[in-house]
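Just below is one structure, and these are the notes that go with it.
The values are calculated or read from the model by the stated rules, or taken from the named source; none is laboratory data. These figures come from a predicted structure and were not determined experimentally. Here the Cβ positions follow ideal geometry from the backbone for every residue, glycine too, while neighbour counts run over all protein chains shown. In case anyone asks, the SASA skips ligands and DNA or RNA and just uses the protein heavy atoms, side chains included. Shrake-Rupley method; radii C 1.70, N 1.55, O 1.52, S 1.80 Å.
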Amino acid sequence: MKKVYTCFTTDIIHEGHLNIINEAKKYGSLTVGALSDKALIRYNRFPTVSIEERINLYKSIDGVDEVVVQDDMTYDGIIEKVRPDIVIHGDNWTKGPEKTIRDNCVAALKKFGGELVEVSYTYNEKVAKADLQLKEKLAMPEYRRKRLRQLIEMCPIVKIMEAHSGLTGLITEKTVVENNGRLDQFDGMWISSLCDSTDRGKPDIELVDMTSRLRTINDIMEVTTKPIILDGDTGGLTEHFVYNVRTLERMGVSAVIIEDKTGLKKNSLFGTEVVQTQDSIENFSAKIAAGKQAQLTDDFMIIARIESLILEQGMDDALKRAFAFRDAGADGIMIHSRKKDPAEIFEFCDKFREKDKTTPIVVVPTSFNQVTEEELAEHGINIVIYANQLMRAAFPVMQQTAEEILKNHRALEVDSRLMPFKEIITLIDEL
Ligand code: SPV
Ligand code: MG
């Protein structure tokens, strides 16, 4: 009797999986690998049920003899452990980023012995519907909202990309790359006040009101499933902030970050070049406490952003505020800096972590952009936000294109740089 192995990355069983099982049975006994949560999230399949539930689900299927956990999306570890005679897989991994996983599987089979059998991938209306239902579930507020807290628990560092429209939301949702033999992607989205304002041709001074910001969030939510962190500026008046917390929570936003400034807010990247006033610890703590009091679920997070380093108030002030805001109920601390190197950010994080091992820390490495995610994680940072790169990437190309069409009195010269719309719309889901 031959030993057959296949790996499942699903929360629901459809015809495609049953087909694999039926094929496997022709060869021998079947061991199914349940891909771990940690590996699933890098694979664009955020789990909607626990690993225990997935194991039980797979065990309950006729034709499955054993279920094991596959810890990594690559196959070498599990093949060494299970030593199957045959690995069976759909033929949908021969191209695109998933090919790297197939290559790893083929190499491991060569090393440890065994054969790869590929069966034709089942894709029909029913399978498409099952996939869509899973996606819709992830987009529901109750799933999306708690996903940030889940990610903080699961990942060494949660990677957040700026989105300011449905399209940039889709890019953040769907971009997957192959990186050192593994797949990688962003974990969620940051709705930057700077980019949301810039996209409207407005300055970043809390001029774009909450109703407009909610529209941006809604546009993004319509076409994505990943968790959303809102840049909440100063949070506005406490009396208004509490209402906004309720709204954001109900929509399924995972977190709002509010900064300890008051009066006319200016963007932090201006630092002390413009007049900016920091709020008192007492006032800002009261705002956080009121927000926490207003929220209904345990999932939503209010994260306090400290501007002491931006406003050159010193490390002691930053740390004092961090502990005070945490004690007022903040679910996380964002520490910001506009220095070119990360020394002051690392100093803050190391000192904060001496006394607090658990409160999540968020950073925005726009100025100190040479730091790697790995280095940030080593200093106890939980969330990295790439706060404005998509907007800054698009702007110069749009401007240059406009200039060249004006100069040439036609569009021919710019055309070779432009993506055909046929390609752009492959991003857009049709119902
Ligand atoms: C934003 O993206 O709007 C931010 C981050 O608040 S920063 O621009 O660095 O202040
Ligand atoms: Mg902002």
Quiz item: Which of (1) outside any helix (DSSP H, G or I); (2) within 24 Å of residue 227 (Cα to Cα); (3) away from ligand 1 (no atom under 14 Å from the Cβ) does residue 326 not meet, given it meets every other one?
Solution: (1)
Quiz item: Among the candidates 337, 367, which residue alone is hydroxyl-bearing (Ser, Thr, Tyr) and surrounded by 19 or more Cβ atoms within 10 Å (Cβ to Cβ)?
Solution: 337
Quiz prompt | Members of the stretch 107-149 found to be touching a helix residue (DSSP H, G or I) at 6+ places or on another chain (Cβ under 7 Å), modelled with pLDDT of 90 or more, outside any helix (DSSP H, G or I) and open to solvent by 50 Å² or more (accessible area, probe 1.4 Å), listed by number | solution = 115, 118, 120
Self-check item: Test for residue 216: is it in the same structural domain as residue 300 (by TED's automatic domain parsing), part of a helix (DSSP H, G or I) and away from ligand 2 (no atom under 16 Å from the Cβ)
Solution: no
Quiz prompt | All positions within the stretch 372-419 that are open to solvent by 70 Å² or more (accessible area, probe 1.4 Å) and assigned to a loop (DSSP other than H, G, I, E, B) | solution = 409, 410, 416, 417, 418, 419
Quiz item: Does any residue of the stretch 285-298 turn out to be within 16 Å of ligand 1 (Cβ to nearest atom) and within 30 Å of the chain's Cα centre (by Cα)?
Solution: no
Quiz item: Going by the conditions given, is residue 160 hydrophobic (A, V, I, L, M, F, W, C) and either surrounded by fewer than 15 Cβ atoms within 10 Å (Cβ to Cβ) or assigned to a strand (DSSP E or B) (or both)?
Solution: yes
Exercise. Any residue in the stretch 363-380 that's small (Gly, Ala, Ser): show its pairings with residues that are part of a helix (DSSP H, G or I) at Cβ separation under 9 Å, as long as the two are six or more apart or on different chains.
Key: 367/269; 380/349; 380/350; 380/352; 380/353
Exercise. List the number of the failed condition for residue 104; all other conditions in (1) without any contact (Cβ under 8 Å) to a residue 12 or more places away in the chain; (2) outside any loop (DSSP other than H, G, I, E, B); (3) within 26 Å of the chain's Cα centre (by Cα) hold.
Key: (1)
Quiz item: Name the pairs whose Cβ atoms lie under 8 Å apart, with the first residue in the stretch 142-154 and closer than 14 Å to residue 298 by Cβ, the second among the hydroxyl-bearing types (Ser, Thr, Tyr) and open to solvent by 10 Å² or more (accessible area, probe 1.4 Å), and 6 or more positions between them or separate chains?
Solution: 145/297; 146/297
Quiz item: Residues of the stretch 166-213 being assigned to a loop (DSSP other than H, G, I, E, B), of a type outside the set (D, E, K, R) and either within 16 Å of ligand 2 (Cβ to nearest atom) or in contact (Cβ under 8 Å) with a residue 24 or more places away in the chain (or both), which ones?
Solution: 181, 186, 192, 203, 205, 207, 208
Exercise. Among the residues of the stretch 185-211, write down those that are of a type in the set (Asp, Glu), away from ligand 1 (no atom under 14 Å from the Cβ) and open to solvent by 50 Å² or more (accessible area, probe 1.4 Å).
Key: 209
